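Let me begin by presenting the structure, written as C-alpha cells, before commenting on it.
The values are calculated or read from the model by the stated rules, or taken from the named source; none is laboratory data. In this text, all values refer to a predicted model and were calculated from it rather than measured experimentally. We place every Cβ from the backbone using ideal geometry, glycine too, and count neighbours over all the protein chains shown.
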C-alpha cells in the first residue's frame, strides 16, 4: 500500500481513500451511503466555516492527519454513528474526533515505526492550513459522502513542530 | 456475564455496545468507563468477566491500565479495541497480557472472531 523511498514512506491519495472507506463503511453505511472519491467538481470550500479534526503522530515518523468537513456534514456523521437525531455539540466533537482517530491510527500503521498517536483535537471555524518550512502536505483525498464533500489530508512535520494542533 | 467497556469516546462506547449486539453477544451486562483510572475502579467495583479497552485515553491509557491490573494480581480477561493495529502495538499488548487486539474500524464478524472463544471459555 505504501512505498518507501529513501527511507521516507510515501502515502498516496488512494491509500487515504481506502482507509477512509474502511471507517465509513464500518460505521456510516447503515443507509447504504458509502464513501467515494469526490465525483462532482466541488471540493470542500476550506475558506468557509468548517470543522477541523486532527491527530498527530510522534516518533520515527512525525506528522498530522486532518479531517475537514462542513458543520452540517459533521452533524450528519454524528447522527449516523450514534443512529439517532438527538446529538449534542459534544457528541459531534466526539464523533468527528473518533473518525480522525481511526483514520490516523491506520495511517500511522503504514508509516515508519515506532511512533505514538495523540488524542484527537477538534476545532470549528475558519482555519487555514498551509505548508511551512516545518510542515508539508504529504497527500490529500477529496471525498464525498451523501453528496457532501469532505477532505482527509496527511501532513509531515519536522520534530521542531510536533506539538499537535493543525498544520 | 459482565463486560466492561473502557473508551474516552461516548460515541465509540455506543458503537461497541451496538456491535456486541450485532455480533450475537446481546444479553450480557455491560459496564462503561471513560479512561483507565475509571476502568480500574470499575474492575474493583463490578468484577467484570471481560474488559474491552481503548488504548489512547486521557488520565490513564489502556496499556497502563492493563499493566496496573496485572501488577495487582488481577487476571481479568482483557482485550483492546483500538485504532492502533500496527504489529508492534499488538506485540506490546500481548506481552502485557492482552488476549487480543481488535482494530478500529471493526465489524460484528471481527467481534465474533475475537470475542467468541473468550466468552465461551469464561
Of the listed residues (A:73, A:84), the one being assigned to a loop (DSSP other than H, G, I, E, B) and closer than 27 Å to residue B:13 by Cβ is A:84
Residue count, segment A:58-82, condition in contact with a helix residue (DSSP H, G or I) (Cβ under 7 Å, 6 or more places away or on another chain), within 11 Å of chain B (Cβ to nearest Cβ) and more than 23 Å from residue A:126 (Cβ to Cβ), comes to 2
Filtering segment A:81-116 for residues that are more than 22 Å from residue A:34 (Cα to Cα) and modelled with pLDDT under 95 leaves a count of 9
Residue set A:105, A:48; condition farther than 18 Å from residue A:30 by Cβ, within 7 Å of chain B (Cβ to nearest Cβ) and touching a strand residue (DSSP E or B) at 6+ places or on another chain (Cβ under 9 Å); output residue A:105
Residue hits (segment A:55-69; touching a residue at least 60 places away in the same chain (Cβ under 8 Å) and over 20 Å from residue A:12 (Cβ atoms)) are A:56, A:58, A:69
In the set B:1, B:65, B:12, the lone residue that is surrounded by 23 or more Cβ atoms within 10 Å (Cβ to Cβ) and over 11 Å from the mean Cα position of the chain (by Cα) is B:12
Within segment B:99-113, the count of residues that are away from chain A (no Cβ under 12 Å) and either crowded, with 21+ Cβ neighbours inside 10 Å or without any contact (Cβ under 8 Å) to a residue 24 or more places away in the chain (or both) comes to 3
Within segment A:108-120, the residues that are touching a helix residue (DSSP H, G or I) at 6+ places or on another chain (Cβ under 6 Å) and at the interface with chain B (Cβ under 7 Å from one of its Cβ atoms) are A:113, A:114, A:117
Inspect segment B:76-89 for any residue being in a loop (DSSP other than H, G, I, E, B), touching a strand residue (DSSP E or B) at 6+ places or on another chain (Cβ under 6 Å), away from every other protein chain (no Cβ under 13 Å) and surrounded by 18 or more Cβ atoms within 10 Å (Cβ to Cβ) and give the result as yes or no.
-> yes
